[in-house]
Amino acid sequence: MMTDPIADMLVRIRNAVMIERLSVDVPHSNQKEALAAALQREGFIWDFEVADNVERPGKTLKVNLKYGPNGEKVIQKIRRVSKPGLRTYNGVAQIQPVLNGLGVTIMTTSKGVLSSREAKAQNVGGEVLCEVW
């Protein structure tokens, strides 16, 4: 049993970016799919797809990673903020820019999983899942 599936997804993405893989497979959940959609909207990944897993029951989320024209990494750092033992919540007034606006915070809100830019635009706060830059 996995204690923190979101952290597992972020670690898989971080490790795949370090070895410059084109894609990474992650066990599927609705929250992970929403997190991948937020990363895609912010331009950190190309796309993602949900596929049936042939090896074991359940679905797999395949995340296609993005690199620059000369092979530079789009995701420099990705880190979990809110952890199972210590949840972190931010109101709309507490949302701070990440790396002077070069990165984003991904949050789960009452309107779904949103980036910090989208959360400010919709005037909602919530639990801070991760920071990406």
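Bear in mind that the values in this text are calculations on the coordinates, not laboratory data. None of the values given here were measured: they were computed from a predicted structure. No Cβ is skipped: glycine too gets one built from the backbone with ideal geometry, and neighbour counts run over all protein chains shown.
Once phi is turned into ³J(HN,Hα) by the Karplus curve 6.51 cos²θ - 1.76 cosθ + 1.60 with θ = phi - 60°, what whole-Hz value does each residue of region 60-72 show in order, with x for glycine and proline?
10, 9, 9, 9, 8, 7, 10, 10, x, x, 9, x, 6
How large is Rg/Rh for the chain, to two decimals, with Cα atoms and a Kirkwood Rh? Mind dumping the intermediate values first?
On the way: Rg = 14.7 Å, Rh = 15.2 Å.
On the Cα set of the chain, Rg over Rh gives 0.96.
Can you tell me the order of 98-110, 26-38, 48-60 when each peptide is scored by its average per-residue count of other Cβ atoms within 10 angstrom, highest first? Walk me through the numbers on the way to the answer.
Numbers: 98-110: 16.8, 26-38: 18.3, 48-60: 10.8.
Sorting 98-110, 26-38, 48-60 by mean packing, highest first, produces 26-38, 98-110, 48-60.
Using 0.36 nm per residue of separation minus the Cα-Cα distance, give me the extension gain between D4 and T109 in nm, one decimal.
Details: separation 105, 0.36 × 105 = 37.80 nm, distance 1.85 nm.
Between D4 and T109, full extension yields 35.9 nm more.
Between region 13-28 and region 42-116, what is the C-alpha centre distance in whole Å?
Using only Cα atoms, the two centres lie 13 Å from each other.
Collect residues whose amide H, placed 1.01 Å from N in the peptide plane, falls under 5 Å from the amide H of D47; neighbours closer than 5 in sequence don't count.
So D47 has HN proximity to N64.
Enumerate the calculated ³J(HN,Hα) couplings along region 109-119 in order (Karplus 6.51 cos²θ - 1.76 cosθ + 1.60, θ = phi - 60°), each rounded to whole Hz, writing x wherever the residue is Gly or Pro.
Residue by residue, region 109-119 yields 10, 5, 9, x, 7, 10, 7, 5, 5, 5, 5 Hz.
Which entries in the list K83/K120; K32/K77; K59/K120; K73/K120; K66/K111 go over 25 Å, if you measure between the two C-alpha atoms of each?
Distance filter (> 25 Å) returns K59/K120; K73/K120; K66/K111.
Of A36, P97, M18, which is farthest on the positive side of the dipole of the chain, counting Cα position, with +1 on Lys and Arg Cβ, -1 on Asp and Glu Cβ, and the Cα centre as origin?
Toward the positive end, the furthest listed residue is P97.
Going by amide H atoms built from the backbone, whose H comes under 5 Å of the H on K77, apart from near neighbours?
The answer is W133.
Principal axis extents for region 46-96, Cα atoms only, whole Å, descending order, please.
Largest first, region 46-96 extends 43, 38, 19 Å along its Cα principal axes.
May I ask you to compute the full-extension gain from W46 to R79, defined as 0.36 nm times their residue separation minus their alpha-carbon distance, rounded to one decimal in nm? Mind showing how you got there, number by number?
Details: separation 33, 0.36 × 33 = 11.88 nm, distance 1.93 nm.
Gain on extension, W46 to R79, equals 9.9 nm.
Please list 81-92, 9-20 highest first by mean number of surrounding beta-carbon atoms within 10 Å per residue.
Values: 81-92: 12.6, 9-20: 16.1.
Most protected by this proxy first, the peptides run 9-20, 81-92.
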